[in-house]
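Here is the structure we will look at.
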Amino acid sequence: MDLELTDVQQELGATLGRLLKGKYDAESREAIRTSDAGWSEDMWNQFAELGLMSLPFAEEHGGAGMTFAEVAVVMEAFGRALVLEPYLPTVILGGGLVDIAGTDEQKSEILPGVAAGETRMAFAAQEPGSFYDVTAPQTKAVGSGQVQISGEKSNVVGGAQAHTFVVTAQSEQGLALYLVQADAQGVTVDQRTQADGLSSAHVTFDSAPATQLGTVVGQDAQDAVQRVLDIANAALASEAVGAMEVSLMMTAEYLKTREQFGAPIGVNQVLQHRASDLYAALEFAKSMALYAKLAITQDPDGTSETRHRDVLAAKYVIDDTARLISQEAIQMHGGIGMTMEYPIGHYAKRLTVIPRTFDSKEEVTRELSALGGLIKPEAADLK
């Protein structure tokens with residue numbers, strides 16, 4: 001198995017890196033973050049021109065026919081620049097669910113627009129008071145054919161920019177997925193801003209017209225949701241790696257240039273040891289992000305019995321490393337690291353939010369333990 005990036009993936013990463021370096025520096029990002037929209041439609045269109053939205057979709061649906069491996073390259077580059085545009089909710093969550101659960105007619109109708117950057121989507125699953133449980137929503141779907149949806153959804157990432165929502169709701173047959181237009185009657189979108197600057201929304205559906213996505217209900221719908229959340233968590237793992245790399249690079253540079261008592265603070269051996277520990281932790285996180293990527297790319301039809309466990313194991317390590325690196329980076333920068341004007345604080349905020357996007361550490365630990373962990377007990381038996 002070749003674990004190196006292919007020539008195409010290397011060129012994709014290099015091209016996107018050049019674009020972000022030239023147009024998404026800290027000052028430009030801050031201008032986007034503080035704008036009324038909270039994202040840049042111009043940058044979104046440039047991402048579309050590069051074909052980033054089309055990567056995971058089949059050519060027959062306007063896509064590039066590539067795999068999650070290319071998406072991971074994009075997410076890592078986005079992590080380095082702290083990109084604010086709604087790529088994850090549109091391509092991976094909304095578009096991913098249409099690709100996984102939609103009918104051929106729905107795929108042909110929706111995915112070409114997603115691939116071209118013309119249609120933005122969001123996945124409305126979390127609800128007030130339900131924490132991270134998205135399998136038993138209080139949102140109700142009534143009727144057949146033209147369904148009406150009623151309920152509330154919270155923490156809808158990219159919800160304020162979405163044209164179309166994929167909504168989880170209880171039907172007469174159990175859990176099901178529905179397509180709801182953001183401008184439909186009965187839909188109210190209240191834009192929110194996360195701690196990391198990304199836009200989210202609280203969305204209320206009051207007898208909003210909806211169309212069922214595909215025919216999956218009950219356990220099949222749960223499986224589709226779990227699969228797309230595994231893909232999203234693997235994508236966030238790659239994004240976290242990009243953000244951690246830049247955080248460490250900025251911290252190392254600060255240790256070399258910040259002087260106290262006539263010498264750079266980096267000559268302090270204690271700080272050198274702490275920095276070296278962080279680099280070792282980052283390499284561990286990179287290996288687990290790769291592990292998560294392989295779990296997704298080796299499960300093209302969504303039938304793997306180990307995919308969910310493998311992604312959870314990777315997430316556990318990466319979430320811990322994100323916390324460690326973000327906190328240590330702030331500590332080594334001192335007070336300046338907490339200011340809005342200095343970039344390191346924004347990286348720390350993003351690395352704090354990523355682990356809490358779809359799961360909590362407690363939930364991941366509990367579920368991974370229930371699945372038996374990553375390593376069989378006998379593998380650690382040294383007798």
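Given the criteria farther than 29 Å from residue 152 by Cα, touching a residue at least 24 places away in the same chain (Cβ under 8 Å) and in contact with a Phe, Trp or Tyr (Cβ under 8 Å, 6 or more places away or on another chain), does residue 248 qualify? Answer is yes for this residue. Among the residues making up the stretch 338-364, those that are closer than 13 Å to residue 250 by Cβ and either among the small types (Gly, Ala, Ser) or free of Cβ contacts under 8 Å to residues at least 12 places away in the same chain (or both) are 342, 345, 348. Does residue 280 satisfy being of a type in the set (A, V, I, L, M, F, W, C) and touching a residue at least 40 places away in the same chain (Cβ under 8 Å)? So residue 280 fails the test. Between 275, 280, 295, which is touching a Ser or Thr at 6+ places or on another chain (Cβ under 8 Å) and either of a type in the set (Lys, Arg) or surrounded by fewer than 22 Cβ atoms within 10 Å (Cβ to Cβ) (or both)? The unique qualifying residue is 275. One residue stands out in the stretch 38-48 among those that are in contact (Cβ under 8 Å) with a residue 60 or more places away in the chain and surrounded by fewer than 18 Cβ atoms within 10 Å (Cβ to Cβ): the one that is farthest from residue 115 (Cα to Cα), namely 45. Checked across the stretch 314-330, the condition of being assigned by TED's automatic domain parsing to the domain that holds residue 271 and on the phi > 0 side of the Ramachandran plot holds for no residue. For residue 25, state whether it is exposed (fewer than 12 other Cβ atoms within 10 Å of the Cβ), at pLDDT below 95, over 14 Å from residue 85 (Cβ atoms) and not basic (Lys, Arg). So residue 25 does not fit the description; no.
When the stretch 38-62 is examined, which residues are found to be among the small types (Gly, Ala, Ser) and under 20 Å from the mean Cα position of the chain (by Cα)? Passing the criteria: 38, 40, 48, 51, 54.
This table checks each residue for (1) closer than 30 Å to residue 330 by Cα; (2) touching a residue at least 24 places away in the same chain (Cβ under 8 Å).
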{"position": "144", "(1), (2)": "no, no"}
{"position": "163", "(1), (2)": "no, yes"}
{"position": "177", "(1), (2)": "no, yes"}
{"position": "197", "(1), (2)": "yes, yes"}
{"position": "218", "(1), (2)": "no, yes"}
{"position": "225", "(1), (2)": "no, yes"}
{"position": "236", "(1), (2)": "yes, yes"}
{"position": "257", "(1), (2)": "yes, no"}
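Only residues that are in contact with a helix residue (DSSP H, G or I) (Cβ under 6 Å, 6 or more places away or on another chain) and not aromatic (Phe, Trp, Tyr) were counted in the stretch 329-343, giving 7. From 251, 257, which residue is over 26 Å from the mean Cα position of the chain (by Cα) and of a type in the set (Val, Ile, Thr)? After applying the criteria, what remains is 257.
The values are calculated or read from the model by the stated rules, or taken from the named source; none is laboratory data. All figures in this text were calculated on a predicted structure; none of them were measured in a lab. All Cβ positions, even for glycine, are placed from backbone atoms using ideal geometry, and neighbour counts span all protein chains on display.
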